[in-house]
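So the structure is just underneath, and the comments pick up after that.
The values are calculated or read from the model by the stated rules, or taken from the named source; none is laboratory data. These numbers come from a predicted model, not from an experiment. Cβ: placed from backbone, ideal geometry, glycine included. Neighbour counts: every protein chain shown.
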Amino acid sequence: MKKLIIILAAAAMTSCGIYKNYQRPDVVTDGLYGTAETADSTTLGDISWQEMFTDPQLQALIDLALTNNTDLQSAYWRVKEAEATLKSARLAYLPSFNFAPNGGVSSLTNPWNATWTYTVPVTASWEVDIFGKLTNSKRRAKALLAQSQEYQQAVRTQVIASVANLYYTLLMLDAQYEISSETAEKWFETVNTMRAMKEAGMTNEAAVSQAEANYYSIETSLFDLEYQIREMENSLSSLLGEAPRSFERGTLDEQILPENLVVGIPAQMLSNRPDVKNAEYSLAQAFYNTAGARSAFYPALSLSGTLGWTNDGGVTTLDPAKWIFNAAASLVQPIFNAGRNQAQLRIAKAQQQEALLSFQQTLLNAGAEVNNALAKCQSARSKVDLRQKQVASLETAVESTQLLMRHGSTTYLEVLTAQQTLLSAQLSQINDRFSEIQAIVDLYHALGGGREIESETDK
């Protein structure tokens with residue numbers, strides 16, 4: 001026993017590394033948002049999705065998605081699996097009990113005079129966690145649970161952002177369809193006007209044919225827009241876990257989103273972005289996996305015992321039965337495992353380095369997403385006034401060229417060009433507004449918006 005204590009004490013003095021808790025590595029977040037202004041304050045990502053998206057139809061769709069989305073449901077069951085894994089790791093600290101009755105019959109001469117023997121034992125075994133094998137397994141399971149919870153949060157934020165983007169895409173397509181339909185009606189009037197002018201000898205067949213061709217081109221584009229609308233509705237239905245259907249919705253002009261796009265400081269990403277936290281918990285798992293690989297080099301102490309009764313005395317059959325009891329302890333010190341433990345440790349260290357690089361890259365990607373969304377929003381907002389002026393000028397140009405054509409002082413080509421340019425500018429104006437809204441949604445998502453207040457899990 002004294003020798004056992006000496007061995008354990010010596011090993012414990014050299015195994016302190018296997019008990020360390022995970023510590024976040026030094027990560028550089030300065031400049032992660034590029035040239036964006038930062039401040040340590042409440043960010044756009046801290047706003048609840050109900051405050052962010054005020055359109056009642058959109059709110060109803062997001063509520064439905066959070067209930068029915070299959071990816072989110074899968075993430076929920078992934079959390080349940082991790083909870084069960086952690087519970088199993090905690091129960092490993094407790095001794096295990098087994099009920100293992102056995103019996104038999106034997107006879108040396110007369111089979112009719114057989115002797116029955118039986119043993120009814122309850123066996124118990126307990127692994128004493130001296131060198132952190134069970135502890136590291138439990139910590140790894142905790143990190144797995146936290147990772148699965150962050151994965152669920154990441155899926156949740158992605159679902160909210162996806163529903164919002166699809167909804168706003170539908171509003172954009174609706175606006176484009178409305179403008180194109182109005183333009184098609186005006187083109188039809190132009191065609192009729194030019195036919196009348198031809199009858200009056202004021203224009204020729206080429207002008208009428210060109211006008212008709214442009215009218216048919218716009219009518220064709222309406223079918224393309226109808227297809228895109230159905231495609232977006234089908235995508236939205238799939239996201240909601242429903243069969244394809246149409247949706248009630250508002251208009252693009254009615255949408256109100258935050259004007260002040262506060263991004264906070266890059267370091268907040270470490271606590272706000274579920275995918276970043278998910279990557280860090282993967283790193284924590286790899287850390288504890290490495291610690292577990294190190295613990296394989298140290299002795300394993302196991303205690304076992306048996307309690308029960310038997311009628312088998314070892315020489316002759318005894319009746320009545322007698323109690324049996326035994327207890328034992330075993331210490332296993334790995335000496336040579338054909339390099340298996342060394343190989344497992346090298347693998348664990350390599351996986352830890354991979355997880356670290358993945359964590360760092362996730363941070364960089366997150367910063368790029370924030371910067372891209374800000375740049376996209378700023379670009380769209382910069383175009384608003386200029387695009388409005390362009391549309392107003394082109395509307396004037398269309399009216400002027402139509403009047404001039406009726407009086408024979410301009411050609412039909414100038415009228416067609418002005419109308420086509422106006423339509424293009426109007427569609428671009430809708431795209432600019434959509435780009436601004438989409439950029440705000442993307443920024444909201446990039447800052448971790450839409451997450452629930454997470455429950456803290458000890459590392």
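Screening Q378, Q419, Q388 for residues that are surrounded by 19 or more Cβ atoms within 10 Å (Cβ to Cβ) and polar (S, T, N, Q) leaves exactly one candidate, Q419.
Inspection of region 259-276 finds no residue satisfying the criterion of being farther than 30 Å from M52 by Cβ, buried (at least 20 other Cβ atoms within 10 Å of the Cβ), touching a residue at least 24 places away in the same chain (Cβ under 8 Å) and hydrophobic (A, V, I, L, M, F, W, C). Got at least one residue in region 159-179 being touching a His at 6+ places or on another chain (Cβ under 8 Å), part of a helix (DSSP H, G or I) and within 17 Å of G45 (Cα to Cα)? Yes, some residue in region 159-179 is touching a His at 6+ places or on another chain (Cβ under 8 Å), part of a helix (DSSP H, G or I) and within 17 Å of G45 (Cα to Cα).
Restricting to region 270-280, what's the tally of residues that are under 16 Å from L443 (Cα atoms) and either assigned to a loop (DSSP other than H, G, I, E, B) or touching a Ser or Thr at 6+ places or on another chain (Cβ under 7 Å) (or both)? The qualifying residues number 4. Considering only residues in region 354-374 that are of a type in the set (G, A, S) and either surrounded by 15 or more Cβ atoms within 10 Å (Cβ to Cβ) or in contact (Cβ under 8 Å) with a residue 12 or more places away in the chain (or both), the one that is farthest from S282 (Cα to Cα) turns out to be A373.
For region 392-435, which residues satisfy the criterion of being in contact (Cβ under 8 Å) with a residue 60 or more places away in the chain and closer than 30 Å to Q268 by Cα? R433, F434, listed by residue number. Number of residues in region 2-44 that are at pLDDT below 80 and in a helix (DSSP H, G or I): the value is 16.
For region 197-208, residues that are part of a helix (DSSP H, G or I), surrounded by 12 or more Cβ atoms within 10 Å (Cβ to Cβ) and without any contact (Cβ under 8 Å) to a residue 40 or more places away in the chain total 2. Residues in region 196-208: is at least one closer than 19 Å to E414 by Cα and touching a Phe, Trp or Tyr at 6+ places or on another chain (Cβ under 7 Å)? Taking every residue of region 196-208 in turn, at least one turns out to be closer than 19 Å to E414 by Cα and touching a Phe, Trp or Tyr at 6+ places or on another chain (Cβ under 7 Å). Of the residues making up region 345-352, not a single one is within 20 Å of the chain's Cα centre (by Cα) and either free of Cβ contacts under 8 Å to residues at least 60 places away in the same chain or surrounded by fewer than 17 Cβ atoms within 10 Å (Cβ to Cβ) (or both). Entry remark, region 237-295: residues being closer than 30 Å to Q378 by Cα and touching a Gly at 6+ places or on another chain (Cβ under 7 Å) number 4 in total. Note on region 422-459: among residues that are loosely packed, with under 15 Cβ neighbours inside 10 Å and modelled with pLDDT under 75, the one that is nearest to G201 (Cα to Cα) is I453.
Just so you know, in region 128-179 the residues that are acidic (D, E) and closer than 30 Å to I229 by Cβ include one that is surrounded by the fewest Cβ atoms within 10 Å (Cβ to Cβ), and it is E178.
Considering E182, E189, the condition of being surrounded by fewer than 21 Cβ atoms within 10 Å (Cβ to Cβ), free of Cβ contacts under 8 Å to residues at least 24 places away in the same chain and either within 37 Å of the chain's Cα centre (by Cα) or under 30 Å from Q438 (Cα atoms) (or both) is satisfied by E182 alone.
So how many residues does region 221-266 have that are in a helix (DSSP H, G or I) and modelled with pLDDT of 90 or more? Residues in region 221-266 being in a helix (DSSP H, G or I) and modelled with pLDDT of 90 or more: 22 in total.
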